[in-house]
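Take a look at the structure set out below.
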Amino acid sequence: MTAPHAVGSGPSGSTSSGATRVLGGLSLAGLALLLGYALVWSPADRTQRDSVRLMYVHVPSAIVAFAACALTTVAAAMWLRRRTEGWWVLGGASAEVGLVFTALTLVTGSIWGRPTWGTYWDWDPRITSTSLLFVMLVGYLALRRIDNEAGDAAQRGTRGAIVGLLLFPNVVVVHYSVDWWRSLHQTATITRLDPTIEGTMLFTLMLGIVVFGLIFAWLLVHRFRVGWLEERVEHAGLDDALRARRAEAGVVAGLGGGTA
Amino acid sequence: MLRDAALIAGKDLRVELRSQVTTQQVAPFAVLVLILFGVALDPDRGILARASSGLFWVAVLFCALLAIQRAFTIESADGGRDALRLSGLDPAGIFLGKAAAIALQLAALEVVLAVGVVIMYGAEVTGAPLLIATCVAATAGLAAAGTLYGVLAAGLRVRETLLPILLLPVLAPVLIGATKSFEAALGGVASDGWPWCGLLVAFALTYLAVGTLAFGTLMEEPS
Amino acid sequence: MLAVSHVGYIAAGWGIVLGSLALYGLRTVRRGRTLAQQVPPEDRRWT
């Protein structure tokens, strides 16, 4: 990971601050250490051999994805109680970052499954419920975007908040029902990790979880601030909006396609 | 609350009876889905008989989407939503009434589909009580969750495309539970199905409770 | 390190993850810069 925020945050402004620079630096340092442990210093697994090295990226992604999903639900609940903008923006930010990690969880799980199970996709309870989580996050984000277009701050939000509030409970219900459903077919689910994992392997896994947590926090803070700025831009008056649009056009042209 | 629910349910069902959309469009669609599954899955290899429970519930899900869309289209036309909000009816009653109307339509569709599955897919009923209990519980769950997500998507420009993506993942437990339960009732051992039926009951009760509580907040929102 | 199995899978998995996260991070930061220029500094509470 590069740290684009470190390139310099001039007076023109960005979403970086002292805190994100510290977070970004820690993430990068941790990532370097994790790469060392995951790819070089940790031993190969007896049964999975070196494909176990994918676990050090897959398991942390999955944990972060589900944590992001839980955070979205918390943010929705807080928004329904307090109705303050911050919680609304946080819900969207954690859902979007969570979507990225959910996608990565599915992709790495698939890549790991090919050498281990001999197939990219298995109807394992975790794969099934993670893929449903992916769709739910997509739906939640779609609803928020449409809700945003529909009107101003006073009008929007409740729909999105209800869906956000139900997001995590739904994922839990889906997970357990899928688990129950599959457990009838295969009495012994293939365990992804040796239950008696210990030593360097356990340490690497824990390190991976910490590092991915840091990366998640870094992304979340930036994404939250982007959402906050979007709100400011939307709330700006018509004159401001016009001026901003002109400025944006200039910036986009200048950057050669910075995302709008 | 219950009186309001009965009022709303009665109104929706009267609208349905008069417009005949369910009988003339949704029910034929349900039969069409069964025919399409038959064409898509080679009928000679016995796949249809083995998969009939799953296919039945997938067809029900598709029909439920149509019925839910329909239930909220009749409200958004002519400002019916505003009228409902100003009517002073209990929001929980409105929710239960809408859900009951959807549930009754779904129950009628399930009868059509069940006859279709028995005749066209050669399914064999071995546990009638389980079959009926599953239908009741699953339908209540579908209608409750459907009404809640239906009102969320109602009034939005893209509701037709948004509702399936919001609702179908949530209904995955219903699909799983109802299918497993049906497998037990259609040629399996009935006692295997009852725990799944319990899951369906729990799902339905949860969504009925959530909908009853949340509907007021959602109805107040202007859109 | 000499006899590492599944090198292709491991490289693909880690590559996709790190690449995607870097791209997403870059995109988010860029989006933030574009937006920050349209907003007066007092609205950016973190600076």
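Of the residues B:VAL112, B:VAL151, the single one that is at pLDDT below 90 and either surrounded by 24 or more Cβ atoms within 10 Å (Cβ to Cβ) or of a type in the set (A, V, I, L, M) (or both) is B:VAL151. When the stretch B:142-164 is examined, which residues are found to be of a type in the set (Val, Ile, Thr), out of contact with any Leu (no Cβ under 6 Å at 6 or more places or on another chain) and under 27 Å from B:GLY177 (Cβ atoms)? Hits for the stretch B:142-164 are B:THR147, B:THR161. The residue of the stretch A:4-42 that is nearest to the other protein chains (Cβ to nearest Cβ), among those that are modelled with pLDDT under 80 and over 18 Å from C:TYR24 (Cβ atoms), is A:GLY13. Annotation: of all residues in the stretch A:45-58 being of a type in the set (A, V, I, L, M, F, W, C) and facing chain C (nearest Cβ under 7 Å), the one that is farthest from A:TRP112 (Cα to Cα) is A:VAL57. Of all residues in the stretch B:168-184, none satisfies being more than 19 Å from B:ILE102 (Cα to Cα), without any contact (Cβ under 8 Å) to a residue 40 or more places away in the chain, touching a Ser or Thr at 6+ places or on another chain (Cβ under 9 Å) and not in a helix (DSSP H, G or I).
Out of the residues in the stretch C:4-46 that are more than 7 Å from every other protein chain (Cβ to nearest Cβ) and at pLDDT below 90, which is farthest from A:GLU96 (Cα to Cα)? Selected residue: C:VAL7.
Which residue, of B:LEU175, B:LEU166, B:LEU199, is open to solvent by 20 Å² or more (accessible area, probe 1.4 Å) and touching a Phe, Trp or Tyr at 6+ places or on another chain (Cβ under 6 Å)?
Values: B:LEU166 fails: open to solvent by 20 Å² or more (accessible area, probe 1.4 Å); B:LEU199 fails: touching a Phe, Trp or Tyr at 6+ places or on another chain (Cβ under 6 Å).
Answer to the check: B:LEU175.
For the stretch A:73-87, indicate whether the set of residues that are touching a Ser or Thr at 6+ places or on another chain (Cβ under 6 Å), open to solvent by less than 30 Å² (accessible area, probe 1.4 Å) and either at pLDDT below 90 or within 14 Å of chain B (Cβ to nearest Cβ) (or both) is non-empty. If you could, list the steps in order and put the result at the bottom.
First, pick out the residues of the stretch A:73-87 that are touching a Ser or Thr at 6+ places or on another chain (Cβ under 6 Å): none.
No, the stretch A:73-87 has no match at all.
So that you can scan it fast, the table gives a plain yes or no per residue for (1) surrounded by 23 or more Cβ atoms within 10 Å (Cβ to Cβ); (2) touching a residue at least 12 places away in the same chain (Cβ under 8 Å); (3) not in a helix (DSSP H, G or I):
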residue: B:ALA92; (1), (2), (3): no, yes, no
residue: B:LEU104; (1), (2), (3): no, yes, no
residue: B:LEU130; (1), (2), (3): yes, yes, no
residue: B:ALA133; (1), (2), (3): no, yes, no
residue: B:ALA138; (1), (2), (3): yes, yes, no
residue: B:THR147; (1), (2), (3): yes, yes, no
residue: B:GLY155; (1), (2), (3): no, yes, yes
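Can you tell which of A:ILE162, A:ILE146, A:ILE209 is in a helix (DSSP H, G or I), more than 12 Å from every other protein chain (Cβ to nearest Cβ), at pLDDT 65 or above and more than 17 Å from A:GLU85 (Cβ to Cβ)?
Matching residue, one of A:ILE162, A:ILE146, A:ILE209: A:ILE209.
The values are calculated or read from the model by the stated rules, or taken from the named source; none is laboratory data. What you see is a predicted model, and the numbers here were worked out from it, not measured in a lab. Every residue, glycine as well, gets a Cβ built from its backbone with ideal geometry; the counts of neighbours run over all protein chains shown. Please note that ligands, DNA and RNA were not included when accessible areas were found on the heavy atoms of the full protein model with its side chains. Shrake-Rupley method; radii C 1.70, N 1.55, O 1.52, S 1.80 Å.
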